[in-house]
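Have a look at the structure below before the remarks.
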Amino acid sequence: MTSQVYYRKWRPQQLSELVGQEPIVRTLQQALIRGRIAHAYLFTGSRGTGKTSTARILAKAVNCLEPRDGEPCNSCHLCIAVNEGRALDLIEIDAASNRGIDEIRSIKEKVIFSPAEGKYKVYILDEAHMLTDAAADALLKTLEEPPAHVIFILATTEPHRLPSTIVSRCQRFDFRRITPPAIVERLEQICTAESIEAEPAALLLIARNSGGSLRDAENLLDQAVTSFGTPLGADQARLLMGLTTEERVRDLVGQVLTGETSHALVALNAIAAEGLNLQQLHRQMVNELRDLLLIKSDAREMVAQPDEVASEQAALIAQVSMDRLVRTLRLMAQVTFRHDAPAALPLELAIIESDQPAPAAVAEQATAPTPAIRHETPRPRQAMRQPAP
């Protein structure tokens with residue numbers, strides 16, 4: 001017997017269950033309540049922010065037999081058909097594998113037919129930016145003058161690759177990356193429903209390393225529970241993601257900022273020798289430097305850290321100038337890992353370079369005028385006057 005992964009099992013079934021997208025939820029609910037349904041929508045945003053889930057909920061809501069306050073009832077046979085993936089009036093198309101003009105022409109030929117059961121026939125085009133130019137041109141006319149019973153929902157992570165003519169014919173909704181506190185709250189709900197005991201620190205680690213993607217966070221939680229069971233601790237979450245402890249990262253960053261380059265290089269290579277993921281270490285260092293930058297800029301409330309950790313960070317950053325901090329963060333953010341170079345080399349170069357004089361300072365020193373040295377030329381001796389004979 002197979003079990004569903006968490007991101008599928010706990011997929012939102014109503015707009016109110018979407019995490020971190022409150023403005024979009026409010027707008028769509030009001031549109032459904034007032035019956036102001038657009039013929040085409042464009043959902044954009046990074047992965048795991050709820051674009052496809054929202055599209056499916058919207059498809060349910062427009063055909064629901066007993067909608068309630070802009071929400072699908074999830075109990076009528078049309079809602080159940082969507083939830084079970086067998087709705088005849090919901091057509092999902094992966095534009096990455098159906099990107100040619102022939103596929104779009106097939107859609108154009110079928111949209112004229114009335115819905116089989118509901119009021120609307122809903123087409124969801126996932127990864128819409130993958131359509132070829134010819135396919136996009138073929139879709140344009142249908143988007144411009146679609147039949148009254150058809151709704152198009154285009155979902156994409158790269159809206160800039162879509163023709164502006166298509167974008168202008170859609171109602172656009174930009175999905176935000178989900179904040180760590182919102183992800184932690186959702187993970188806590190899943191843990192309660194699944195009878196999982198998890199340390200708050202473990203859930204925060206998962207949230208901070210999910211890149212603002214709820215789906216990634218739910219997958220990491222699923223993997224952690226499968227690997228370690230319950231209760232789930234912070235050390236187990238670190239082991240799963242190849243992370244070192246925050247204390248070691250904080251010490252390493254402190255050594256870099258205070259100019260202890262040799263100690264920083266030794267600490268870096270000790271972490272590398274343990275077989276930990278250096279790309280994850282790089283991400284941890286950048287996150288730590290960003291926290292320090294926010295604290296230095298009097299924006300401590302934006303740092304998602306316990307008070308005692310934030311106090312340690314504030315004590316560290318008090319010893320470092322803003323210029324040094326910004327330059328170090330910029331150098332670390334520019335680090336790229338290459339397969340043909342030693343694993344620790346990119347980080348080693350960034351650490352060493354951060355301790356060198358800033359290019360502007362070097363240039364200023366090189367162009368500074370050299371103090372003039374005063375050479376006094378000896379005065380010509382005045383010829384001795386001979387006494388008159």
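FYI, it's all coordinate maths here, none of it is from the lab. Given the structure is predicted, the values throughout are model-derived calculations rather than measurements. We place every Cβ from the backbone using ideal geometry, glycine too, and count neighbours over all the protein chains shown.
Tabulated data
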| read-out | value |
| --- | --- |
| Bridge type composition, the chain - antiparallel percent by DSSP, nearest 5 | 5 |
| Relative contact order (%) - criterion: Cα under 8 Å, at least six apart; region: region 203-333 | 20 |
| Euclidean distance of C-alpha centroids, region 256-301 and region 151-218, integer Å | 26 |
| Inter-label distance for Glu158 and Thr226, nm, one decimal - labels placed 7 Å from Cα along Cα-to-Cβ | 2.9 |
| Alpha-carbon centroids, region 306-331 and region 89-106: separation in whole Å | 50 |
| Gln4/His339 FRET efficiency (R0 35 Å; Cβ-Cβ; nearest 0.05) | 0.45 |
| Dipole moment magnitude, nearest 20 debye, region 88-148 about Cα centre, only Lys, Arg, Asp, Glu C-beta charged | 220 |
| Region 270-345: trypsin sites (Lys or Arg not before Pro) in DSSP loop, at most 13 other beta carbons within 10 Å | Arg338 |
| Residue (of Ala202, Gln223, Val256) at the positive-pole extreme of region 192-259, dipole from beta-carbon charges | Val256 |
| For Lys119, net neighbour charge (Lys/Arg +1, Asp/Glu -1) across residues whose Cβ lies under 14 Å away | -1 |
| Sequence-distant residues sharing a close amide H with Glu92 (under 5 Å, placed H) | Ile124 |
| Per-residue ³J(HN,Hα) for region 154-171, Karplus 6.51 cos²θ - 1.76 cosθ + 1.60, θ = phi - 60°, Hz, x for Gly and Pro | 9, 10, 7, 9, 9, x, 5, 8, 8, x, 4, 5, 6, 4, 5, 9, 10, 7 |
| Top of Gly254, Gly275, Gly20 by mean-square fluctuation, Gaussian network on the chain, Cα under 10 Å | Gly275 |
| Average projection area in nm² (convex hull over Cα atoms of region 69-227, one quarter of hull surface) | 12.0 |
| Arg172 long-range amide H proximity, modeled H, under 5 Å | Leu42 |
| Assigned charges on the beta-carbon of Lys, Arg, Asp, Glu; the chain dipole about Cα centre (debye) | 1460 |
| Positive-end residue, the chain charge dipole about Cα centroid, Cβ charges, pick of Gln29, Phe152, Leu140 | Leu140 |
| Label point 7 Å beyond Cα of Ala38 along Cβ direction - residues of region 165-189 with amide nitrogen under 15 Å | 165-176 |
| FRET efficiency for Ala96 and Ala314, using Cβ-Cβ distance with R0 set to 41 Å, rounded to 0.05 | 0.30 |
| Once exposed loop GluC sites (Glu not before Pro) are cut out (DSSP; at most 15 other Cβ, 10 Å), longest piece of the chain | 275-375 |
| Label selected from (1) 19.6; (2) 35.4; (3) 17.9, the criterion being mean projected area of the Cα convex hull in nm² as computed here | (2) |
